[in-house]
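To start, the structure itself, in structure tokens.
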Amino acid sequence: MSKGQIAVIGAAGSQGSQAIDYLLNTSPSLQVLAVDREFSWVQRNHWSNGSVRCVSLDVVAEQEKLTELFAVIDVVANFAGPFFKIGPAVMEAALRSRTHYIDICDDWDAMEQLMAQHTRAQEQGVIAVTGAGAAPGVTNLLVKMAAEYLHRQNPPGLALAAAGIKADICWCAPPRDLTAGIFEHMYHCFETAIAGLDEFPQWQQLQPRRVEFPEALGAVELVQLGHPEPYTLKRCLGIDANLLGGFTDAELTREAWRLCREVHQGRLASIADAWDQLSKSRWFNQADSTPYSGMVIDVQLQQRGIRFENQTTISMEQSTAVPAVAVALMALSGQLQETGVWSPEILDPTTFFTTASSVSPGGGQLECYATADGRKQEQISIRSLLAPVETGGSGSGSGREGEL
């Protein structure tokens with residue numbers, strides 16, 4: 001690519017502003033167009049070195065202006081949510097201007113709508129990767145790595161999509177990560193958690209389950225949420241996936257669900273009113289005694305499996321911005337070649353994780369174990385999951401299998 005310019009949408013938000021800092025630290029010569037409805041004086045002053053140009057804009061209401069801005073941009077990195085409202089508008093401007101597109105979309109119905117633009121993106125010569133954050137994003141690639149590792153040990157001739165691989169994705173976040181924007185996203189996650197359900201789900205319909213995390217967190221009750229991973233893993237790799245999420249304090253997850261249900265039933269006027277109540281609750285008036293977030297991913301093929309475990313004090317802003325910046329840099333450097341709209345499964349895990357480590361060395365403790373009948377066995381290196389095994393079998397597990 002020639003221009004070396006990237007647009008960051010939602011640049012004044014916590015994730016977008018963090019992404020700009022990572023971009024400039026990694027590629028000091030990069031020119032960044034920062035777009036949001038408004039910027040603080042502190043932000044403008046922080047980015048006053050000439051590499052960042054701030055533009056105040058409503059990306060939904062001012063589509064034509066956004067398209068004009070993208071005309072001189074190589075890659076758009078969209079951090080503005082909620083994605084079921086904003087994602088399609090930003091992608092539309094990217095397609096019109098023939099600009100490559102990356103986002104951190106975490107609404108499965110919005111991702112379905114974005115991926116419906118696949119053929120149009122191919123016709124426009126646009127490369128788009130949606131859901132390139134932590135969850136979805138890193139979660140998808142860990143499942144892909146484990147699935148391909150298990151598949152390589154299968155009898156020859158069995159395609160990955162037909163192998164019967166299953167995945168269980170579980171994560172929890174500390175109360176400090178809950179903001180007004182995240183709360184609106186959670187409302188949508190509760191509302192879309194059960195496909196075909198016309199009413200807001202009852203608590204038990206969300207299938208609450210206690211999940212064991214590493215020792216700093218212990219057992220945490222999580223619930224089923226409407227998230228993209230089950231949708232894209234099935235579509236791309238034929239993997240049946242289940243996703244459970246929530247907060248490290250299960251009472252906060254339940255209270256968030258209760259308030260969202262009050263809004264859906266008309267007992268509260270709006271999400272803003274519900275957030276006003278929640279933000280004044282005890283979770284926001286005491287020191288956070290559990291700063292950790294956690295993730296457990298189980299991938300299983302018959303009796304054998306792989307388990308990833310992680311606990312970290314890294315903020316949601318950092319954990320989401322790093323993978324998205326990595327994918328944007330891959331697009332800028334020409335490492336992504338397939339035009340169309342793709343979910344994270346299209347990415348090569350080795351290239352992705354190598355690029356991500358150049359953006360930030362991390363700080364979480366991701367561990368990997370072999371499992372047998374669902375029980376942890378020996379710890380194995382994540383690098384070993386990427387080692388090729390000569391089986392003579394078929395099925396590449398490229399991430400494009402069954403994509404469209």
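Candidates in the stretch 283-316 are the residues that are at pLDDT 90 or above and among the charged types (D, E, K, R); of these, the one that is farthest from the chain's Cα centre (by Cα) is 304.
From 56, 29, which residue is loosely packed, with under 15 Cβ neighbours inside 10 Å, in contact with a Lys or Arg (Cβ under 8 Å, 6 or more places away or on another chain) and not hydrophobic (A, V, I, L, M, F, W, C)?
On the way: 29 fails: in contact with a Lys or Arg (Cβ under 8 Å, 6 or more places away or on another chain).
Exactly one of 56, 29 is loosely packed, with under 15 Cβ neighbours inside 10 Å, in contact with a Lys or Arg (Cβ under 8 Å, 6 or more places away or on another chain) and not hydrophobic (A, V, I, L, M, F, W, C), namely 56.
Just one of the listed residues (221, 215, 184) is under 26 Å from residue 312 (Cα atoms), outside any helix (DSSP H, G or I) and either among the polar types (S, T, N, Q) or touching a helix residue (DSSP H, G or I) at 6+ places or on another chain (Cβ under 8 Å) (or both), namely 221. Applying a threshold of 8 Å to beta carbon distances and a minimum spacing of six or more residues, or different chains, the list of pairs starting in the stretch 30-54 at a residue that is free of Cβ contacts under 8 Å to residues at least 24 places away in the same chain and on the phi < 0 side of the Ramachandran plot and ending at one that is of a type in the set (Gly, Ala, Ser) and buried (at least 18 other Cβ atoms within 10 Å of the Cβ) reads 53/34. Residues in the stretch 331-354 that are of a type in the set (D, E, K, R) and either more than 18 Å from residue 122 (Cβ to Cβ) or in contact with a helix residue (DSSP H, G or I) (Cβ under 6 Å, 6 or more places away or on another chain) (or both): 345, 348.
Inside the stretch 117-149, can you point out the residues that are of a type in the set (Ser, Thr, Tyr) and either in the same structural domain as residue 226 (by TED's automatic domain parsing) or in a helix (DSSP H, G or I) (or both)?
Of the stretch 117-149, the ones of a type in the set (Ser, Thr, Tyr) are 119, 130, 139, 149.
Of everything in the stretch 117-149, those that are of a type in the set (Ser, Thr, Tyr) and either in the same structural domain as residue 226 (by TED's automatic domain parsing) or in a helix (DSSP H, G or I) (or both) turn out to be 119, 139, 149.
Yes/no matrix, rows are residues, columns are (1) more than 21 Å from residue 265 (Cα to Cα); (2) within 22 Å of the chain's Cα centre (by Cα):
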position	(1), (2)
161	yes, no
169	yes, yes
180	no, yes
185	no, yes
189	no, yes
213	yes, yes
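Once the stretch 336-373 is narrowed to residues that are within 19 Å of the chain's Cα centre (by Cα) and among the charged types (D, E, K, R), the residue that is modelled with the lowest pLDDT is 348. The condition (being more than 22 Å from residue 13 (Cβ to Cβ) and either outside the structural domain of residue 163 (by TED's automatic domain parsing) or touching a strand residue (DSSP E or B) at 6+ places or on another chain (Cβ under 7 Å) (or both)) is satisfied by just one residue among 324, 372: 372.
For the stretch 105-123, which residues satisfy the criterion of being under 13 Å from residue 340 (Cα atoms), in contact with a Ser or Thr (Cβ under 8 Å, 6 or more places away or on another chain) and surrounded by fewer than 22 Cβ atoms within 10 Å (Cβ to Cβ)? Residue satisfying the conditions is 122 alone.
Looking at the structure I just gave you, is residue 180 within 23 Å of residue 272 (Cβ to Cβ), of a type outside the set (Phe, Trp, Tyr) and surrounded by fewer than 16 Cβ atoms within 10 Å (Cβ to Cβ)? If you could, list the steps in order and put the result at the bottom.
Working: within 23 Å of residue 272 (Cβ to Cβ): yes; of a type outside the set (Phe, Trp, Tyr): yes; surrounded by fewer than 16 Cβ atoms within 10 Å (Cβ to Cβ): yes.
Spelling it out, residue 180 is indeed within 23 Å of residue 272 (Cβ to Cβ), of a type outside the set (Phe, Trp, Tyr) and surrounded by fewer than 16 Cβ atoms within 10 Å (Cβ to Cβ).
Across the stretch 59-72, the number of residues qualifying as β-branched (Val, Ile, Thr) and buried (at least 19 other Cβ atoms within 10 Å of the Cβ) comes to 1.
Criterion applied to 255, 215, 251 was being surrounded by 14 or more Cβ atoms within 10 Å (Cβ to Cβ) and of a type outside the set (Val, Ile, Thr), and the one residue passing it is 255.
I'd like to check something: does the stretch 321-329 contain any residue that is among the small types (Gly, Ala, Ser), without any contact (Cβ under 8 Å) to a residue 12 or more places away in the chain and under 17 Å from residue 23 (Cβ atoms)? No, the stretch 321-329 contains no residue that is among the small types (Gly, Ala, Ser), without any contact (Cβ under 8 Å) to a residue 12 or more places away in the chain and under 17 Å from residue 23 (Cβ atoms).
Looking at this structure, is residue 229 buried (at least 22 other Cβ atoms within 10 Å of the Cβ) and either assigned to a loop (DSSP other than H, G, I, E, B) or under 17 Å from the mean Cα position of the chain (by Cα) (or both)?
Numbers: buried (at least 22 other Cβ atoms within 10 Å of the Cβ): yes; either assigned to a loop (DSSP other than H, G, I, E, B) or under 17 Å from the mean Cα position of the chain (by Cα) (or both): yes.
Yes; evaluated as a whole, the condition is true for this residue.
The values are calculated or read from the model by the stated rules, or taken from the named source; none is laboratory data. Since the model is a prediction, treat every value here as computed from it, not as a measurement. Virtual Cβ from ideal backbone geometry, glycine too; neighbours counted across all protein chains shown.
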